[in-house]
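Undergrad: Could you have a look at this structure, given as structure tokens, before my questions?
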Amino acid sequence: MTSPWSEGQVASVATDAGSLAAARTLSASWSDTGHTGTALWGLCQGSGRSPYRTVVDLDGPAFSCSCPSRKFPCKHALGLLLLWSQGQVPDAADFPPFAREWLGRRATRASEPGPPAPPSTAQGKSAERRADRVAAGLDELDLWLTDQIRSGLGSTDTSPAAFDAVAARMVDAQAPGVASALRRLAFTVALRPDWPARLLAEYAKLHLLVVAHRRLPELPEPLRATVRAHVGYPVSTDKVRGEPAVRDRWMVLGSQTTEEKRLFTRKVWLLGRDHGRWALLLDFAHGTPNFANAVPPLGSLVDADLHFYPGAAPLRAQWDAGHGAAEPFTTLPAGGIDPALDAFAHVIGADPWVRSWPVLLGGVTPTVTDEGWLLVDAEGRALPVTGDERNLWTLLGISGGHPVTVCGDWNSEALTPVSVFDRGVVHSLVSATAPSVSTRTAGRRR
Amino acid sequence: MSELLSTALLGTARSTPALQDLATGQLAQSITGDPAEVLLGAAALENAHRAGGVTASLHVAPAPAEEDDRVQLPPAAADHLMQLLAAKSWTLTEWFAVAVERGYRAPDHLVADLMSAARSNDTHRENILRLTGPRGQWLAAQNPEWSMLRRTADRLEVWHRGSHPERLQWLTAMRSVNPAAATAEVQRTWDTERGEHRAAFIAALATGLGDADAALLEHALDDRRKDVRQHAVQLLRQLPRSAYAQRMAARARAWVRVEKKPLRTRLVVNMPGSLDDSARRDGIENVHFKNKGIRSWWLRMVVTAAPLSAWDDMIGSASQALDIRIEDQWRDVMTEAWVNATVLQRNPRWASAFLHKQGRQTERRVVPLVPAGERLEYILAGHADSYLLGVDGAALFDDLPHPWPLELAQRIIARFEDIAVRHASTGKELGQLSRHSHYSTLRSAETHFPFSAVPLLHAAAERTRDHGWQQAFSTAAANIEHRRTLLKELE
């Protein structure tokens, strides 16, 4: 039997303070609650005739509720957890039918092996077909790119429809990475005053990708993987698992879940304490943010094996196995501005298509000026900072004009803070469930 | 790079890029292909070179925030505070009272969110600012959107040189801290202010209004602008010791007299045929008043603005005044005006007289003016039983000492139980019997019942046969328990 969570643990899974407050008002509305192994369930009387059926799978954790709320977890799931944390959910021998059905479905999904690998000859054939299609698509893209430059950016069509049309061709050509890069260009043109320079830079990167793809067989293996990744070839889990494991004491420095069209994406920033290497875990879930893999919470450290996706500047990784329980860390070996910029230069050298790279800056003071936000070190050297205003004010409030340690993503123009480390505690600077960048900009355009 | 860009904008069909000036020029020259391909290749090279070669700029960090050596809020209490604010919880008043008394400061990571909350939360703004302390003030000084949250004494320059909204903000803030100083500043510049600004400044005096403001308000009665005069009249009516009030008392005495005959004391109204200029200056206007005639309106204006003590002199106590015979034509106008005067002058004796005479018919604005102790006695004596839980009863609870005495909780629970019994026997969830019509009383109960009322609520839940009421009692008990937890966290 799992021991009940503390109130703090319950609070940590809530999307916002409001739903937690709402959950508290439900304590008298429960009936038929129960707890077994790693599941909780109960009926919660709402304003309607039939009560809501709420189930929590503590592994994960994952939530299911028959209420119409779009919040996740909803107030009923939180209320049930609170009730449990107060020791008011009795142990039971077996689940009621409504819980069994959902928990059963989850269990099958977890134990199900992935789709069987097609026989290798067929796989080879389809891979060949795909490579031909991508190559043809990229050639077409290059014609379009050079046409744009030939007739001049000032006179070509830079409407969203124009970019969408080319992007759609790239989807057909099975180059989704290129397609999404093209779609982003519409926002660049609409939102940035320096869009011609940005557009030229992005066209140049795409052209470089086409050129690199044409010479794929000549490239060394890591770079070949990088090019394929940016074009959007899928990498099989097995292939990643086949990469040698990297063992370190990984510190969780950031975690963010974003949603776009019901696709939830969770991003976790890890830094290896012993070797100073960065890793990024990306998980996806459809419909609800129930991610298959559990990761330790922000501010904890765990001795674990990771497998990196192959590439010239590997960052994305898969969690393999932990060698012990997660524990909180209270100190952080942080570098300064110069080493961070040097590291980024090396990354750009290895992978010129990379958009951003994690950095950890110690002893920097967040500052707001008329020109924008900065991180200033003890020598008065400064890097620009960007991001959600609310989070930046939180960062400024935490520092109060004193140096702190900031973890963020650097993209050669500005640093987007992910978390801040102050007096032994990591504070997240990305909301638990934030709208992803592209949906936010799309909203602003309307 | 700008070379490459201008060629790209113009098009390679019309222009050729010069590569030799690029940082990566030498490498770029080895790129082959048509001019467009060369340009894109060169741009890719140059971009990578630039992205990797970014260096830090120079900047001086600002002075840090002042130290705050108060104890930080316990983490659980801090988390709950954000939830309470998000839910606009009624428990916040009690929570802040304890937190401020214990001298806590907010944890740094919540200061920015608390400042945002303070901006939109009129009720708890000052408490939030107390909690965020110097760190909050330091932050507010850097965010123009938070300028209204700055609480420094040396901001007189805002009044002298600020824009109108800034000056108004300063005035309102200053009125709540030091009303006399604020009035002095307004008085100093009064004659040079623009008309519409004068109206806004006079209206701002409503905060912290006191006898010291009478002179300026009197001056405003001669203003050219009608809205300035109207605001002044509205405020003067709340100052029963002012010269204005004395003039109104004189008019009242001239228009209304008490006729004392054996067995027949009555109030006789004798209105003038027209208004003189001084009456018009005092804001008495010709308004057609619900078909009761212009004179009814004059009478109403005068009685509303005359100090209630004038009636004490003419008739006797407040309850004697309410009992006096009045001609039918004037009775309603007089009563209505006395109610208004009681509210405007915040007169507790008249409020008591109204409550004891009119019971549940008492105007709701009047009831809270009855001293809390007296209201409590009134309820505990059973006078309010029939309307204690309804909308009429809510005003009785206004500003009672917190927490409420257990006897009051007992009385309210007993009334709830009566309703629950009726409810269970009829099985209807309609009108008076609906649980939802008692929502606000239940809310006040959760907020103000003493912790010792929890067992009473549980007992009530057990006795009750109606499911909805059972749940209502348990919820109230649970919420009081939660309140207890919240306050315990502050220890």
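The values are calculated or read from the model by the stated rules, or taken from the named source; none is laboratory data. Every value quoted in this text rests on a predicted model; they were computed, and no experiment measured them. Please note: Cβ atoms are built from the backbone with ideal geometry, for glycine as well, and neighbour counts cover all protein chains shown. Heads up: the accessible areas ignore ligands, DNA and RNA and are worked out on the full protein's heavy atoms, side chains in. Shrake-Rupley method; radii C 1.70, N 1.55, O 1.52, S 1.80 Å.
Undergrad: Using alpha carbons only, how many degrees (0 to 90, rounded to 10) separate the axis of helix B:406-426 from the longest principal axis of chain B?
TA: So the helix axis and the longest Cα principal axis differ by about 90 degrees.
Undergrad: Also, I was wondering about something else. Please state, rounded to one decimal and in Å, the Kirkwood hydrodynamic radius that segment A:337-439 gives when every pair of distinct Cα atoms enters the mean of 1/r.
TA: Answer for segment A:337-439: a Kirkwood hydrodynamic radius of 14.1 Å.
Undergrad: With an 8 Å Cα cut-off and a minimum separation of 6 or more residues, compute the relative contact order for chain A in percent.
TA: Once divided by the residue count of chain A, the mean separation gives 10 percent.
Undergrad: Tell me what chain A gives for mean residue ellipticity at 222 nm when only DSSP H runs of n ≥ 4 count, each as -39,500 (n - 2.57), the sum divided by the residue total, rounded to 500 deg cm²/dmol.
TA: My calculation for chain A gives -12500 deg cm²/dmol from helical runs alone.
Undergrad: Among B:Trp311, B:Trp330, B:Gly293, whose Cα projects farthest towards the positive end of the dipole of segment B:292-336, with charges put on the beta-carbon of Lys, Arg (+1) and Asp, Glu (-1)?
TA: B:Gly293
Undergrad: Sticking with this structure for a sec: Please report, in whole Å³, the volume per residue of the convex hull around the C-alpha atoms of the protein assembly as shown.
TA: So the per-residue Cα hull volume is 233 Å³.
Undergrad: Still on this structure, please answer the following. How big is the Kirkwood radius of segment A:7-111, worked out from every pair of different alpha carbons and given in Å to one decimal?
TA: For segment A:7-111, inverting the mean 1/r across all distinct Cα pairs yields 13.6 Å.
Undergrad: Tell me, rounded to the nearest percent, the portion of alpha carbon pairs in chain A spaced more than 36 Å apart.
TA: Roughly 38 percent, once rounded to a whole number.
Undergrad: Based on the alpha-carbon gyration tensor of segment B:2-52 and its eigenvalue square roots a ≥ b ≥ c, which shape applies: rounded if a/c is under 1.5, prolate if not and a/b is larger than b/c, or oblate?
TA: It comes out prolate by the Cα gyration axes.
Undergrad: Could you name the aspartates and glutamates in cross-link range of B:Lys260, using Cα to Cα under 20 Å and dropping any fewer than eight places away on the same chain?
TA: Answer for B:Lys260, where 20 Å is the Cα cut-off: B:Asp312, B:Asp313, B:Asp323, B:Glu327, B:Asp328, listed by chain and number.
Undergrad: Below 8 Å between Cα atoms, with a sequence gap of 6+, how large is the relative contact order for chain B in percent?
TA: 8
Undergrad: Now for a separate question. For helix B:35-52, what angle does its Cα long axis make with the longest principal axis of chain B, in degrees from 0 to 90 and rounded to 10?
TA: It works out to around 60 degrees.
Undergrad: What GluC sites (Glu not before Pro) does segment B:241-334 have in DSSP loop regions with at most 16 other beta carbons within 10 Å?
TA: Sites meeting the loop and neighbour criteria: B:Glu285, B:Glu327.
Undergrad: Also, quick follow-up: A:Trp353: accessible area at probe 1.4 Å, nearest 10 Å²?
TA: About 20 Å², ignoring ligands and nucleic acids.
Undergrad: To the nearest 10 degrees, how steeply does helix B:226-236 sit against the main Cα axis of chain B, on a 0 to 90 scale?
TA: Once rounded, one gets 60 degrees.
Undergrad: A further question on this structure: Given the options A:Gly48, A:Gly380, A:Gly400, which has the most mean-square fluctuation in a GNM of chain A, springs set between C-alpha atoms less than 10 angstrom apart?
TA: A:Gly48
Undergrad: Hey, which aspartates and glutamates would be in cross-link range of B:Lys226, C-alpha to C-alpha under 17 Å, not counting anything within fewer than 8 residues on its own chain?
TA: Of all the aspartates and glutamates, those that pass the test against B:Lys226 - Cα under 17 Å, at least 8 places apart if same chain - are B:Asp191, B:Glu193, B:Glu196, B:Glu218, B:Asp277, B:Asp282, B:Glu285.
Undergrad: In Å², rounded to the nearest 100, what is the total accessible surface buried by chains A and B against each other with a 1.4 Å probe?
TA: Adding both sides of the contact gives about 4500 Å².
Undergrad: Quick one: what Rg and Dmax do you get for segment A:238-328 from the alpha carbons, in Å?
TA: Cα only, segment A:238-328: 13.1, 39 Å (Rg, Dmax).
Undergrad: Taking square-rooted eigenvalues a ≥ b ≥ c of the alpha carbon gyration tensor, is chain B rounded, prolate or oblate, where a/c under 1.5 means rounded and, failing that, a/b exceeding b/c means prolate?
TA: oblate
Undergrad: Across chain A, how many lysine pairs separated by 8 or more positions, or lying on different chains, have Cα atoms within less than 21 Å?
TA: 4
Undergrad: Shifting gears a bit: What dipole magnitude, in Debye to the nearest 20, does segment B:252-368 give about its Cα centre under +1 on Lys/Arg Cβ and -1 on Asp/Glu Cβ?
TA: 320
Undergrad: Would you mind working out the magnitude of the charge dipole of segment B:301-365 relative to its Cα centre, with +1 at each Lys and Arg C-beta and -1 at each Asp and Glu C-beta, to the nearest 20 Debye?
TA: With Lys and Arg at +1 and Asp and Glu at -1, about 360 debye.
Undergrad: Rounded, prolate or oblate: which fits segment B:372-488 when a ≥ b ≥ c are the square roots of the eigenvalues of the alpha-carbon gyration tensor, with rounded for a/c under 1.5 and prolate only if a/b beats b/c?
TA: Verdict is oblate for segment B:372-488.
Undergrad: Another question about this same structure. Counting only protein heavy atoms and using a 1.4 Å probe, what share of the accessible area of the protein assembly as shown belongs to carbon plus sulfur, as a whole percent?
TA: Ligands and nucleic acids excluded, carbon and sulfur give 52 percent.
Undergrad: Right, next: Counting other Cβ atoms within 10 Å of each Cβ, which trypsin sites (Lys or Arg not before Pro) in segment A:38-100 have at most 11 and sit in a DSSP loop?
TA: Loop-located and lightly packed - A:Arg49, A:Arg70.
Undergrad: From the mean inverse distance of alpha carbon pairs (Kirkwood) and the Cα radius of gyration, derive Rg over Rh for segment B:184-232.
TA: 0.91
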